[in-house]
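These notes are about the structure you will find just below.
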Amino acid sequence: MKLKRILRGIIHFCLTGTVLIHAQEDNGEYSKYDSIPSFENIQLALAENPESSDLYYYLALRNLEKGNVQQAFVSIIDALKHVQKVETNPQKYSDFLGDDKENYSNCVHLLDLKMEQEAYDGFLNLLEKYPHSPEILFNLSVIDANRGEYALFFERLYHAAHYNFPCKEYKRIVGAIHVLLGDIKEAEILFGGILEEDNDFSPAYVWLGKMRLMEQKFDEALFLLRKAIKINPDDYVAHVTLARITMELGQFTEAEKLAKETIELNKTYWEGHHALALIYLNMDRFSESIERFKEVIVLRPNEIDPLADLANAYQIKGMYDEAIGVYKSIIHLQPELFQAYSNIADLYAATGNFKLASENLEKALILNPDSALLHYNFGMVSKKLLDFEKAKLHLKRAVALDSTYIDAYMALYYLYKNDLNNQKEAEHYQTMIELLDRQ
């Protein structure tokens, strides 16, 4: 039996690539925030003081801690909007002393050479001397975000925002967060403003290209990304985004070439490997796809998206046990992701283990009780387990949530058609099927 699949629907796009936002494990990472108010107390305080940037910042951290990552990004944007500029003057590059200007430039150069850890260490050393430097804070925050260290990213971005220091990097970061949250209009304003200041700032073209890709305006996206590459031929983010567009257009050979170019430009950039794995998957080169997904997971072990794609590749190859193992890893990382329980239930049903399929669908429904698809799948699994009353209950809930759900009506009709005491029910469902068939 194969259940109807539920799309993962996971959020894409962060700062310099298509970075998946995910809940981090509780490994003590948030211990330094133990002194901030509880989630409930923050909400109560905000009702009294809705202009407090600190309260929104604390709310962002608590949302991260609870795994509400998208809401955490909403809260950090609210915090940035309400920031009051401090009187302390920012420590600008022109204020750096002795060899520190050269050291800062070397760190930037190390980033250009994709030597991220060396650059990060150098920026940290400089931050000890210049704790009020927005430029250092912005550079560190971008690296934090690319590593998935969102608590540190929020901390440094929020700190930097307190200084009255206009900076393209700050606008780029905030614009990227607006894209993540689907606020395209606000992002357009920010990136457009950057290009008015500097028409050769390639990251702005990359982000505008990504936005056009999200809108499926492929010609505009291609133009913008090629413009970015013309300005900066080593822009690996532009290359990987072009790879994704050409993949969407079915130009797999060109997409493969672009993804490999991305990897050549930055071998540790996990999105390049991820794009190549997806391209191989679309080309039915499953073994190569699986091996490439494994490389992605080595680079980013806590990212949900490549794990889910690996599970999908295993499932297509009929390697159900391996796919189930991957979904268990996803559930360990993000136990509130209902799609993972739904998809693992699909795998258990495909192997005839309807009891475990039922248990996982029950968990999915606790997390998402108003999904007609989940109720339909639970109904069909209950039918396989000969629990006909439970099957009827969930199938009826499915049609209550979606009155056009013809498959659920058909399942109900066959459950009732041989029941002599409920012929009116059977007739009702048959009528609904006929009405929907005419539409």
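The values are calculated or read from the model by the stated rules, or taken from the named source; none is laboratory data. What you see is a predicted model; the values in this text were computed from it and never measured. Quick reminder, even Gly has a Cβ in these numbers, built from the backbone with ideal geometry, and neighbours come from all protein chains shown.
Hey, any hits in the range 249-260 for a residue that's closer than 30 Å to Lys355 by Cβ, touching a helix residue (DSSP H, G or I) at 6+ places or on another chain (Cβ under 8 Å) and not assigned by TED's automatic domain parsing to the domain that holds Arg147? So that I can check it myself, show each step before the final result.
The first filter runs over the range 249-260 and keeps only residues closer than 30 Å to Lys355 by Cβ, leaving none.
No: zero hits.
Given the criterion over 24 Å from Arg172 (Cα atoms), of a type in the set (D, E, K, R) and touching a His at 6+ places or on another chain (Cβ under 9 Å), identify the matching residue among Glu261, Glu256.
Values: Glu256 fails: touching a His at 6+ places or on another chain (Cβ under 9 Å).
Being over 24 Å from Arg172 (Cα atoms), of a type in the set (D, E, K, R) and touching a His at 6+ places or on another chain (Cβ under 9 Å) holds for just one of Glu261, Glu256, which is Glu261.
Restricting to the range 312-335, and then to whatever is closer than 13 Å to Ser287 by Cα and not charged (D, E, K, R), can you tell me which residue is surrounded by the fewest Cβ atoms within 10 Å (Cβ to Cβ)? Let's see the steps before the verdict.
Narrowing the range 312-335 to residues closer than 13 Å to Ser287 by Cα: 312-319.
Okay, now just the ones that are also not charged (D, E, K, R), so 312-316, 318-319.
Details: Asn312: 19, Ala313: 25, Tyr314: 22, Gln315: 20, Ile316: 14, Gly318: 10, Met319: 16.
Residue satisfying both the conditions and the ranking: Gly318.
Considering only residues that are within 21 Å of Pro203 (Cα to Cα) and not in a helix (DSSP H, G or I), look in the range 127-148 and name the one that is nearest to the chain's Cα centre (by Cα). Steps first, please.
So in the range 127-148, the residues within 21 Å of Pro203 (Cα to Cα) come out as 134-148.
Subsequent filtering for residues that are not in a helix (DSSP H, G or I) retains 147-148.
Numbers: Arg147: 13, Gly148: 11 Å.
Once the filter is applied, the top-ranked residue is Gly148.
When you check Phe123 against the structure, is it modelled with pLDDT of 95 or more and either at positive phi or buried (at least 20 other Cβ atoms within 10 Å of the Cβ) (or both), yes or no?
Numbers: modelled with pLDDT of 95 or more: yes; either at positive phi or buried (at least 20 other Cβ atoms within 10 Å of the Cβ) (or both): yes.
Yes, satisfied.
Of the conditions (1) assigned to a helix (DSSP H, G or I); (2) closer than 17 Å to Leu124 by Cβ; (3) touching a residue at least 12 places away in the same chain (Cβ under 8 Å); (4) not β-branched (Val, Ile, Thr), Gln91 clears all except one; give me its number.
(1)
If the Cβ limit is 7 Å and pairs must be 6+ apart or interchain, which residue in the range 398-424 that is assigned by TED's automatic domain parsing to the domain that holds Met380 pairs with which residue that is surrounded by 19 or more Cβ atoms within 10 Å (Cβ to Cβ) and not in a helix (DSSP H, G or I)?
Ala398/Tyr405; Val399/Tyr405
Which pairs turn up if I take residues in the range 113-136 that are closer than 21 Å to Lys168 by Cβ and in contact (Cβ under 8 Å) with a residue 12 or more places away in the chain and look for partners that are loosely packed, with under 13 Cβ neighbours inside 10 Å and not aliphatic (A, V, I, L, M) with beta carbon separation below 6 Å, at least 6 apart in sequence or on another chain?
His132/Thr88
Quick check on my filter: what residues within the range 384-410 are within 21 Å of Leu347 (Cα to Cα) and touching a Leu at 6+ places or on another chain (Cβ under 7 Å)?
Ala391, Leu395, Ala408
Condition test on Val298, is it aliphatic (A, V, I, L, M), out of contact with any strand residue (DSSP E or B) (no Cβ under 8 Å at 6 or more places or on another chain) and without any contact (Cβ under 8 Å) to a residue 12 or more places away in the chain? Lay out the reasoning, then the answer.
Numbers: aliphatic (A, V, I, L, M): yes; out of contact with any strand residue (DSSP E or B) (no Cβ under 8 Å at 6 or more places or on another chain): yes; without any contact (Cβ under 8 Å) to a residue 12 or more places away in the chain: yes.
In short, yes.
Looking only at the range 41-66, count every residue that is surrounded by 21 or more Cβ atoms within 10 Å (Cβ to Cβ) and either over 21 Å from Val86 (Cβ atoms) or among the aliphatic types (A, V, I, L, M) (or both) and tell me the total. Walk me through it before giving the result.
From the range 41-66, those surrounded by 21 or more Cβ atoms within 10 Å (Cβ to Cβ) are 42, 55-64; that's our starting set.
So of that shortlist, the ones also either over 21 Å from Val86 (Cβ atoms) or among the aliphatic types (A, V, I, L, M) (or both) come out as 42, 55, 59-64.
Going through the range 41-66 one residue at a time, the tally reaches 8.
Between a first residue in the range 243-256 that is of a type in the set (S, T, N, Q) and a second residue that is at pLDDT 95 or above, which pairs have beta carbons less than 6 Å apart while being 6 or more apart in sequence or on different chains?
Pairs found: Thr246/Glu254; Thr246/Ala255.
Here is a yes/no grid of residues against (1) within 20 Å of Asp54 (Cβ to Cβ); (2) buried (at least 21 other Cβ atoms within 10 Å of the Cβ); (3) among the polar types (S, T, N, Q):
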site	(1), (2), (3)
Lys129	no, no, no
Pro134	yes, yes, no
Ser141	yes, yes, yes
Ala145	no, yes, no
Glu149	no, no, no
Tyr158	yes, yes, no
Glu169	no, no, no
Ala176	no, yes, no
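Select from the range 336-357 the residues that are surrounded by fewer than 17 Cβ atoms within 10 Å (Cβ to Cβ) and of a type in the set (D, E, K, R) and write down the one among them that is farthest from Val69 (Cα to Cα).
Lys355
Identify, by number, the condition in (1) loosely packed, with under 15 Cβ neighbours inside 10 Å; (2) within 21 Å of Phe154 (Cα to Cα); (3) not aliphatic (A, V, I, L, M) that Asp99 doesn't meet.
(2)
Going by the structure shown, is Glu102 assigned to a helix (DSSP H, G or I), closer than 15 Å to Phe73 by Cβ, of a type in the set (D, E, K, R) and modelled with pLDDT of 90 or more?
It is false that Glu102 is assigned to a helix (DSSP H, G or I), closer than 15 Å to Phe73 by Cβ, of a type in the set (D, E, K, R) and modelled with pLDDT of 90 or more.
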